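Heads up: the structure comes next, in structure tokens.
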Amino acid sequence: MPIKQIDHGSVEYSQMVKLRQEVLRKPLNLSFEKSELEREKSDVLIAALDEDVMLGCCLLTPVEAGVVRLRQMAVQNNVQGKGIGAAMMNYAENLARDKGYKKLIMHARKTAVGFYEKLGYKKISSEFTEVSLPHFIMEKRLAF
């Protein structure tokens, strides 16, 4: 299962948007705004693929000097729990480190906090609501 960076506007990017829509947005009756997808042109887009099938994806968005934010982490429902998310996180952390980032932050859904804690992330906020769901800000310092 290769994990790689993909380009905005590519066939893989279309698959990424579709996967994020199915896993993250559709259950909440939400969809993407065109302007939201346009802003992703400057993000690092990461995909886990099996042949031409998108199994998982996430984005890295620069926040400030030394800090990058993980967003839109999604894994196909039928393959969750098989290590794809952990492999993508490892890839994302290494990529962020290679690009000089010292810290990775995220707004993690409450249901995913345990997953991220196993990977060394710590909650740094109180619970808050985003897209109608409880979230926490989490972070991890990226060792060099």
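Among the residues of region 123-132, is any under 14 Å from the mean Cα position of the chain (by Cα) and without any contact (Cβ under 8 Å) to a residue 40 or more places away in the chain?
No.
So, in region 31-50, how many residues would count as being over 15 Å from GLN5 (Cα atoms) and out of contact with any Ser or Thr (no Cβ under 9 Å at 6 or more places or on another chain)?
Final tally of qualifying residues: 8.
Quick check on my filter: what residues within region 92-139 are surrounded by 15 or more Cβ atoms within 10 Å (Cβ to Cβ), of a type in the set (Gly, Ala, Ser) and closer than 14 Å to ARG69 by Cβ?
ALA92, ALA96, ALA108
Condition first: free of Cβ contacts under 8 Å to residues at least 60 places away in the same chain, assigned to a helix (DSSP H, G or I) and in contact with a Gly (Cβ under 8 Å, 6 or more places away or on another chain). Now tell me which residues in region 76-97 satisfy that.
Selection gives VAL79, GLY85.
Residue check, VAL23 against (1) surrounded by 15 or more Cβ atoms within 10 Å (Cβ to Cβ); (2) among the β-branched types (Val, Ile, Thr); (3) over 20 Å from PHE136 (Cβ atoms), all met but one. Which one?
That leaves (3) as the condition not met.
Is there a residue being crowded, with 18+ Cβ neighbours inside 10 Å, modelled with pLDDT of 90 or more and among the basic types (Lys, Arg) anywhere in region 26-42?
no
Do we have any residue at all in region 59-74 that's acidic (Asp, Glu) and in contact with a Ser or Thr (Cβ under 7 Å, 6 or more places away or on another chain)?
no
Could you look through region 118-144, keep only residues that are basic (Lys, Arg) and touching a Phe, Trp or Tyr at 6+ places or on another chain (Cβ under 8 Å), and pick out the one that is nearest to PRO27 (Cα to Cα)?
LYS123
Does region 65-86 hold any residues that are basic (Lys, Arg) and either under 11 Å from the mean Cα position of the chain (by Cα) or within 14 Å of TYR116 (Cα to Cα) (or both), and which are they?
Residues satisfying the conditions are ARG69, ARG71.
Of everything in region 51-73 that's under 17 Å from ILE6 (Cβ atoms) and among the acidic types (Asp, Glu), which residue is modelled with the highest pLDDT?
GLU51
What tally of residues in region 60-109 results from selecting those that are among the polar types (S, T, N, Q) and touching a helix residue (DSSP H, G or I) at 6+ places or on another chain (Cβ under 6 Å)?
1
Results for (1) in contact (Cβ under 8 Å) with a residue 12 or more places away in the chain; (2) over 28 Å from GLY120 (Cβ atoms); (3) acidic (Asp, Glu), shown as yes or no for each residue.
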| residue | (1), (2), (3) |
| --- | --- |
| VAL17 | yes, yes, no |
| SER31 | no, yes, no |
| GLU40 | yes, no, yes |
| MET54 | yes, no, no |
| VAL63 | yes, no, no |
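The values are calculated or read from the model by the stated rules, or taken from the named source; none is laboratory data. Not measured: the values here are computed from a predicted model. Because the Cβ atoms are built from the backbone with ideal geometry, glycine has one as well, and the counts that use them run over all protein chains shown.
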